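Novice: To start, I am sharing the structure in question, which I have written as structure tokens.
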């Protein structure tokens, strides 16, 4: 094909997808730098806080349950297709768990098993939105939200959080809602800030949405992206469907039982949602369109057996306490993290990217908040060994000295 | 929300997805009827040939390997995220397998591990196509092709097969290719006909595409959807990348090792393809857009250990022989199936749906070819027990009598 012109060549693939594939993830770049650096000076000398990858292993019982499933369930079933929304008994187990844990009426008929939260979000957005629709996120936000929203042909609308507590700016939200608003993504506990939305935040948010639904005479859905649900410290986390009818829960077992690679989670449509059944049918249609035949069957059956179990999440709390207090003592300002495994620290200079570059001098690998659509902060993923956190504090002290932060 | 008008309510979800979710699959409907009927008269009295679900269990060694992986690989790795295109060592194992088995140069850098062939197809179509692009399929064809093509915003163009041998009508293909043709889906061994494309078919098809590429000064890709690759009888199957450079292999381990529920397969971009690297990058972008974070990690590692293994596929060959010969003796006309586990039988009357209705009188559950974009045939999925096939022959005899087919 030597006779193809350059301009023709460029059109051989979808440009949007090519750009997206090329778009280097800042987080991934820092992680790769860390790997290189570890090879150079030894892993114990690099303080890599870049990736939100569970450091606590899956509970050992999970592996025992997998073995038991293998020994007791015929292979045709264990490794066979389930129906598209999931095996009926698994969906019933998830519904029962929601009923018992959150005292909220859930039925298997509104549970759709997914390949993790990412697929759940992509599916829900495709089920809901068409051109001209708008989806609101609160900044800072997980960068893949933009990709899923834009792939579903909707427009991403960004409303910043209040900087003093990183709760959503509700006045800003009120102004941002238009006749085109289809959905709002709520992520609490939050990546990257580690905050959880307080009950009064949720109540006010629900009030605003209810008013706007009346004003625009159309439903506005909350997509509650909650993979960090069980990673909470010192607080209780409101269950959104109690506060707002048009809620869709998107959940993943990636963090609670450290099964990130298994790709297993669920979508739960509140039975109180407007047209809940149609919505569920559209979710099935969207799942089909995106090539999801069913969630991995072995892991569906595993979830049924281990529902409610968690990995040893106390390690994250311990890490949080050491890191938050340690940095505070060094003069850093950080958002108090009540959930997830992220600490959001104010950059001592306006340019957080420059700050992260300088931190590398002390082998500290931090992620600038610009990656999350927000300036002036860094994200520290403390899903690492407690030892790494303790050992990193002298390096943070050096860094603090650079900016005269020490009290 | 009682004050919403009906017209408003209808717009609360994406209509296209709602329709798709509602669109009852004819195959699924027949299967559900079968379940009901089995409950009424006993499973042994219903001859359900509706679903293409592997009836041969996964090889028992697979379960042993899963147990070994659990015992030997740390949970953080076994159940952790892999990189988006897959674990590097797994991609290398797949590349090595392709090199050894097909004597074709494959590199890990052009292998992308997927959640089965469905996700592979959806990802490739999204990576390649934009509005106005056309994708050609040969009828009869797997009905989900339309859904994946249309979701990627491209237009589905249908070229029928020759009815005498169900090889693609190459003159028809030549006419169907336009300046907008982006890709052609090739599915051999074929669902629903059970045919395999002969080497001379592939050679001629490649010739036509090469000419058209020159004529339109643009690449045209073959998407080779090959989950039935190992289910071949009496023949050798040409490996498409040897014949045509712009080939993308989409593979799944659903049938060869009966791991349909595990959702594991791969995309392999021929290194000889136009802009192979860009194409691969666009595939990564599309995977990201559709919410695929990585293929299930445990099954990636499993594939590395059991690559080249197959389930006991001889059972399908035995079934084929008994069924094909049995129906031929009864006066039915069927396409000679050299692969997959489907027999495509000519309906004795023009209206295949009516024929399938009548077949139910004898508890025979067959799928009309209309579901596959083709009239006048029925698909019999012989991935059932050999016993069911033997026991069904008297029922087929009764059916043959209805149409005076008996010789």
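Novice: Return yes or no: is residue A:280 within 9 Å of another protein chain (Cβ to nearest Cβ), in contact with a strand residue (DSSP E or B) (Cβ under 8 Å, 6 or more places away or on another chain) and in contact (Cβ under 8 Å) with a residue 12 or more places away in the chain? So that I can check it myself, show each step before the final result.
Specialist: Numbers: within 9 Å of another protein chain (Cβ to nearest Cβ): yes; in contact with a strand residue (DSSP E or B) (Cβ under 8 Å, 6 or more places away or on another chain): yes; in contact (Cβ under 8 Å) with a residue 12 or more places away in the chain: yes.
Spelling it out, residue A:280 is indeed within 9 Å of another protein chain (Cβ to nearest Cβ), in contact with a strand residue (DSSP E or B) (Cβ under 8 Å, 6 or more places away or on another chain) and in contact (Cβ under 8 Å) with a residue 12 or more places away in the chain.
Novice: So which pairs qualify, if the first residue must be in segment A:29-43 and assigned by TED's automatic domain parsing to the domain that holds residue A:365 and touching a residue at least 60 places away in the same chain (Cβ under 8 Å), the second must be surrounded by 12 or more Cβ atoms within 10 Å (Cβ to Cβ) and in a helix (DSSP H, G or I), the Cβ gap must be under 9 Å, and the two must be at least 6 apart or on different chains?
Specialist: A:30/A:356; A:30/A:360; A:33/A:360; A:37/A:45; A:37/A:360
Novice: Right, another one. From B:22, B:77, grab the single residue that is more than 26 Å from residue A:262 (Cα to Cα) and surrounded by fewer than 19 Cβ atoms within 10 Å (Cβ to Cβ). Please lay out each step first, then the result.
Specialist: Working: B:77 fails: more than 26 Å from residue A:262 (Cα to Cα).
Sole residue among the options that is more than 26 Å from residue A:262 (Cα to Cα) and surrounded by fewer than 19 Cβ atoms within 10 Å (Cβ to Cβ): B:22.
Novice: In segment B:342-360, which residues are in contact (Cβ under 8 Å) with a residue 60 or more places away in the chain and more than 15 Å from residue B:325 (Cα to Cα)?
Specialist: Passing the criteria: B:356, B:360.
Novice: Scan (1) at pLDDT 90 or above; (2) under 30 Å from residue B:306 (Cβ atoms); (3) more than 9 Å from every other protein chain (Cβ to nearest Cβ); (4) under 27 Å from the mean Cα position of the chain (by Cα) for the single condition residue B:31 breaks and write down its number.
Specialist: (1)
Novice: Can I ask one more? Name the residue that is nearest to residue A:256 (Cα to Cα), counting only residues in segment A:58-70 that are more than 8 Å from every other protein chain (Cβ to nearest Cβ) and exposed (fewer than 15 other Cβ atoms within 10 Å of the Cβ).
Specialist: Per the stated criteria, the residue is A:61.
Novice: Sort through A:103, A:146 and tell me the only one that's in contact with a strand residue (DSSP E or B) (Cβ under 6 Å, 6 or more places away or on another chain) and surrounded by fewer than 23 Cβ atoms within 10 Å (Cβ to Cβ).
Specialist: Working: A:103 fails: in contact with a strand residue (DSSP E or B) (Cβ under 6 Å, 6 or more places away or on another chain).
Of the residues listed, the single one that is in contact with a strand residue (DSSP E or B) (Cβ under 6 Å, 6 or more places away or on another chain) and surrounded by fewer than 23 Cβ atoms within 10 Å (Cβ to Cβ) is A:146.
Novice: Same structure, new question: Against the conditions (1) surrounded by 16 or more Cβ atoms within 10 Å (Cβ to Cβ); (2) away from every other protein chain (no Cβ under 14 Å); (3) more than 17 Å from the chain's Cα centre (by Cα), where does residue B:151 fall short? Just the number, please.
Specialist: Single failed check for residue B:151: (2).
Novice: On the basis of being within 14 Å of chain A (Cβ to nearest Cβ), in contact (Cβ under 8 Å) with a residue 60 or more places away in the chain, in a helix (DSSP H, G or I) and under 30 Å from residue B:73 (Cβ atoms), does residue B:315 make the cut? Talk me through it step by step, then tell me what you get.
Specialist: Numbers: within 14 Å of chain A (Cβ to nearest Cβ): yes; in contact (Cβ under 8 Å) with a residue 60 or more places away in the chain: yes; in a helix (DSSP H, G or I): yes; under 30 Å from residue B:73 (Cβ atoms): no.
Against the criterion (within 14 Å of chain A (Cβ to nearest Cβ), in contact (Cβ under 8 Å) with a residue 60 or more places away in the chain, in a helix (DSSP H, G or I) and under 30 Å from residue B:73 (Cβ atoms)), residue B:315 does not qualify.
Novice: I'd like to verify a number: residues in segment A:363-383 that are buried (at least 20 other Cβ atoms within 10 Å of the Cβ), under 18 Å from the mean Cα position of the chain (by Cα) and in a loop (DSSP other than H, G, I, E, B), how many?
Specialist: 3
Novice: Here's a follow-up. On the basis of being modelled with pLDDT of 95 or more, part of a helix (DSSP H, G or I), in contact with a strand residue (DSSP E or B) (Cβ under 7 Å, 6 or more places away or on another chain) and surrounded by 16 or more Cβ atoms within 10 Å (Cβ to Cβ), does residue B:395 make the cut? Write out each step before concluding.
Specialist: Details: modelled with pLDDT of 95 or more: yes; part of a helix (DSSP H, G or I): yes; in contact with a strand residue (DSSP E or B) (Cβ under 7 Å, 6 or more places away or on another chain): yes; surrounded by 16 or more Cβ atoms within 10 Å (Cβ to Cβ): yes.
For residue B:395, the condition - modelled with pLDDT of 95 or more, part of a helix (DSSP H, G or I), in contact with a strand residue (DSSP E or B) (Cβ under 7 Å, 6 or more places away or on another chain) and surrounded by 16 or more Cβ atoms within 10 Å (Cβ to Cβ) - is met.
Novice: Also, quick follow-up: State all residues of segment B:172-208 that are under 23 Å from residue B:346 (Cβ atoms) and assigned to a helix (DSSP H, G or I); if no residue qualifies, say none. Show your work before the answer.
Specialist: Pass one, segment B:172-208, residues under 23 Å from residue B:346 (Cβ atoms): B:172, B:187-198, B:201.
Passing the criteria: B:172, B:201.
Novice: Given the structure, is residue B:55 within 14 Å of chain A (Cβ to nearest Cβ), out of contact with any helix residue (DSSP H, G or I) (no Cβ under 9 Å at 6 or more places or on another chain) and either in a loop (DSSP other than H, G, I, E, B) or under 30 Å from residue A:57 (Cα atoms) (or both)?
Specialist: Working: within 14 Å of chain A (Cβ to nearest Cβ): yes; out of contact with any helix residue (DSSP H, G or I) (no Cβ under 9 Å at 6 or more places or on another chain): no; either in a loop (DSSP other than H, G, I, E, B) or under 30 Å from residue A:57 (Cα atoms) (or both): yes.
Taking the combined requirement at face value, the residue does not satisfy it.
Novice: Anything in segment A:1-18 that is within 7 Å of chain B (Cβ to nearest Cβ) and modelled with pLDDT of 70 or more? List them, or say none.
Specialist: A:12, A:13, A:14, A:17, A:18
Novice: Given the condition touching a strand residue (DSSP E or B) at 6+ places or on another chain (Cβ under 9 Å), part of a helix (DSSP H, G or I), under 22 Å from residue B:275 (Cα atoms) and away from chain A (no Cβ under 12 Å), answer yes or no: does some residue in segment B:77-93 qualify?
Specialist: Yes, some residue in segment B:77-93 is touching a strand residue (DSSP E or B) at 6+ places or on another chain (Cβ under 9 Å), part of a helix (DSSP H, G or I), under 22 Å from residue B:275 (Cα atoms) and away from chain A (no Cβ under 12 Å).
Novice: Among residues belonging to segment A:338-362 that are in a loop (DSSP other than H, G, I, E, B) and in contact with a helix residue (DSSP H, G or I) (Cβ under 6 Å, 6 or more places away or on another chain), point out the one that is surrounded by the fewest Cβ atoms within 10 Å (Cβ to Cβ).
Specialist: Within segment A:338-362, the first condition is being in a loop (DSSP other than H, G, I, E, B), and the residues that meet it are A:338, A:340-341, A:347-351.
Okay, now just the ones that are also in contact with a helix residue (DSSP H, G or I) (Cβ under 6 Å, 6 or more places away or on another chain), so A:341, A:347, A:349.
Numbers: A:341: 28, A:347: 23, A:349: 13.
Among residues in segment A:338-362 that are in a loop (DSSP other than H, G, I, E, B) and in contact with a helix residue (DSSP H, G or I) (Cβ under 6 Å, 6 or more places away or on another chain), the one surrounded by the fewest Cβ atoms within 10 Å (Cβ to Cβ) is A:349.
Novice: Does segment B:108-122 hold any residues that are assigned to a helix (DSSP H, G or I), more than 7 Å from chain A (Cβ to nearest Cβ) and crowded, with 24+ Cβ neighbours inside 10 Å, and which are they? Let's see the steps before the verdict.
Specialist: Our first condition is that a residue be assigned to a helix (DSSP H, G or I); within segment B:108-122, this holds for B:108-110, B:116-122.
When the remaining residues are screened for being more than 7 Å from chain A (Cβ to nearest Cβ), the result is B:108-110, B:117, B:120.
Matches in segment B:108-122: B:110, B:117, B:120.
Novice: Looking at A:389, A:380, can you tell me which residue is under 30 Å from residue A:124 (Cα atoms) and either assigned by TED's automatic domain parsing to the domain that holds residue A:35 or touching a helix residue (DSSP H, G or I) at 6+ places or on another chain (Cβ under 8 Å) (or both)? First the steps, then the outcome.
Specialist: Values: A:389 fails: under 30 Å from residue A:124 (Cα atoms).
Just a single option satisfies the conditions, and that option is A:380.
Novice: Here's a follow-up. Does segment B:258-272 contain at least one residue that is in the same structural domain as residue B:184 (by TED's automatic domain parsing), part of a helix (DSSP H, G or I) and in contact with a helix residue (DSSP H, G or I) (Cβ under 7 Å, 6 or more places away or on another chain)?
Specialist: Yes, that holds for at least one residue.
Novice: In addition: From the list A:176, A:122, pick out the single residue that is in the same structural domain as residue A:270 (by TED's automatic domain parsing) and out of contact with any strand residue (DSSP E or B) (no Cβ under 7 Å at 6 or more places or on another chain).
Specialist: Working: A:176 fails: out of contact with any strand residue (DSSP E or B) (no Cβ under 7 Å at 6 or more places or on another chain).
Sole residue among the options that is in the same structural domain as residue A:270 (by TED's automatic domain parsing) and out of contact with any strand residue (DSSP E or B) (no Cβ under 7 Å at 6 or more places or on another chain): A:122.
Every residue, every condition in (1) surrounded by 24 or more Cβ atoms within 10 Å (Cβ to Cβ); (2) at pLDDT 95 or above; (3) in contact with a strand residue (DSSP E or B) (Cβ under 6 Å, 6 or more places away or on another chain); (4) within 11 Å of chain B (Cβ to nearest Cβ), yes or no:
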| position | (1), (2), (3), (4) |
| --- | --- |
| A:203 | no, yes, no, no |
| A:214 | no, yes, no, yes |
| A:220 | no, yes, yes, yes |
| A:225 | yes, yes, yes, no |
| A:269 | yes, yes, yes, yes |
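The values are calculated or read from the model by the stated rules, or taken from the named source; none is laboratory data. This structure is a prediction, so every number in the text was calculated from the model and none was measured. Glycine gets a Cβ as well: all are built from the backbone with ideal geometry, and neighbour counts include every protein chain shown.
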